[in-house]
Amino acid sequence: MRYLLTLLLGLIIGGGVVVFFLGTPRAGSAPGTPVAAPDPGDKPPGTAVVEVDQRFFDQLLATLFKDLGPPTVRLANSDQSGEFQKAALQNGCTNTITLLPESGDVKTQVQFAQGKISAPLAFTGSYNLMGNCLNFKGWTQTTIQLSFDQGAQTLYGRLNIEGVNLEGVAPVANSLVTVFVRTAIDERLNPLELLRAQHLQLLIPAQASNGSLKATVRDVRSEVLEGSMRLHITYEFNGTRNESGTG
């Protein structure tokens, strides 16, 4: 009974401390309008369809981890000083989360299945909490929500964490570490800029007509298949004549 009371007290106090330092995780959406599925029937005029599969992202992530190293983000409000910072250095605490290629049976990857974009993320990290170093490791159950900002001509993605699975973390610290991970990913990684204006817009020279055609994106739709995703990008074209000097 004494152990149970101590554990319960630790969870209550620990939860209050972590909310004080990090705040509560915030749910939100990426800028722009959520990307919907294509309308049934014929595609609108000026629509290009681009398909990417899981193998594309497997190669992308493998190159990222190999050539650039594992992505690392600092935990929110971890810029501590004084005695806390000194204790953190002595304990080897980095106050960061580092994404891993894999952890146990879970691999960091992008998956297309059942109409959703999933992205399990393996990670390791540590956090200095009042002079004590919390080391943790695990993976997240994560989905990606797409949105398109027409004004910025940018396709965004948002990582939404649906669950955090920890390895070797004491039950009393489980809720604290879960908030660490959720807050770090939400505030440090979101939103993702997947395609910017320079990737989406088109400028086609038309020398014979003494001008050029510019294509800006009017709408983006996504279609998630088993193992791949199709982006339906609808363009609006405008022609501009070159200015010719007069003698």
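One line per residue, one yes/no per condition, for (1) at pLDDT 95 or above; (2) touching a helix residue (DSSP H, G or I) at 6+ places or on another chain (Cβ under 6 Å):
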position	(1), (2)
CYS133	no, yes
ILE144	yes, no
ASN165	no, no
GLY168	no, no
THR178	no, no
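Of all residues in the range 191-218, count the ones that are touching a residue at least 40 places away in the same chain (Cβ under 8 Å) and in a strand (DSSP E or B).
Count: 7.
Filter the range 195-207 for residues that are hydrophobic (A, V, I, L, M, F, W, C) and under 12 Å from ARG241 (Cβ atoms) and give the result.
So the first thing to find is which residues in the range 195-207 are hydrophobic (A, V, I, L, M, F, W, C), and the list is 195, 197, 200, 202-204, 206.
The one that is hydrophobic (A, V, I, L, M, F, W, C) and under 12 Å from ARG241 (Cβ atoms): ALA206.
Output the residues belonging to the range 220-239 that are within 22 Å of the chain's Cα centre (by Cα) and surrounded by 12 or more Cβ atoms within 10 Å (Cβ to Cβ).
First pass over the range 220-239, keeping only residues within 22 Å of the chain's Cα centre (by Cα): 220-233.
Listed by number, the residues that qualify are VAL220, ARG221, SER222, GLU223, VAL224, LEU225, SER228, MET229, ARG230, LEU231, HIS232, ILE233.
Based on this model, can you work out whether ASP67 counts as over 21 Å from ILE185 (Cβ atoms), modelled with pLDDT of 90 or more, assigned to a loop (DSSP other than H, G, I, E, B) and open to solvent by 60 Å² or more (accessible area, probe 1.4 Å)?
In short, no.
Which residue is modelled with the lowest pLDDT, if the candidates are limited to the range 227-246 and must be assigned to a strand (DSSP E or B) and polar (S, T, N, Q)?
The qualifying residue modelled with the lowest pLDDT is THR240.
From the list ARG221, ARG182, which residue is touching a residue at least 24 places away in the same chain (Cβ under 8 Å), within 30 Å of ASP105 (Cβ to Cβ) and of a type in the set (Lys, Arg)?
So the residue among ARG221, ARG182 that is touching a residue at least 24 places away in the same chain (Cβ under 8 Å), within 30 Å of ASP105 (Cβ to Cβ) and of a type in the set (Lys, Arg) is ARG182.
I need the full set of residues from the range 71-100 which are at pLDDT 85 or above and open to solvent by less than 60 Å² (accessible area, probe 1.4 Å), in order please. Walk me through it before giving the result.
The first filter runs over the range 71-100 and keeps only residues at pLDDT 85 or above, leaving 71-74, 93-100.
Within the range 71-100, PRO71, VAL73, CYS93, ASN95, THR96, ILE97, THR98, LEU99, LEU100 qualify.
Restrict the check to the range 4-19 and report whether at least one residue is on the phi > 0 side of the Ramachandran plot and either open to solvent by 50 Å² or more (accessible area, probe 1.4 Å) or modelled with pLDDT under 95 (or both).
Checked the range 4-19: no residue is on the phi > 0 side of the Ramachandran plot and either open to solvent by 50 Å² or more (accessible area, probe 1.4 Å) or modelled with pLDDT under 95 (or both).
I need every pair where a residue in the range 130-148 that is over 15 Å from LEU189 (Cβ atoms) has its Cβ under 8 Å from the Cβ of a residue that is aliphatic (A, V, I, L, M) and surrounded by fewer than 16 Cβ atoms within 10 Å (Cβ to Cβ), sequence separation at least 6 or different chains.
If the second residue must be aliphatic (A, V, I, L, M) and surrounded by fewer than 16 Cβ atoms within 10 Å (Cβ to Cβ), the pairs left are MET130/VAL17.
The values are calculated or read from the model by the stated rules, or taken from the named source; none is laboratory data. Since the structure is predicted, the reported quantities are computational estimates derived from the model, not experimental observations. Positions of Cβ are backbone-derived with ideal geometry, glycine not excepted, and every protein chain shown enters the neighbour counts. Side chains are part of the model used for accessible areas, which takes the heavy atoms of the whole protein and leaves out ligands, DNA and RNA. Shrake-Rupley method; radii C 1.70, N 1.55, O 1.52, S 1.80 Å.
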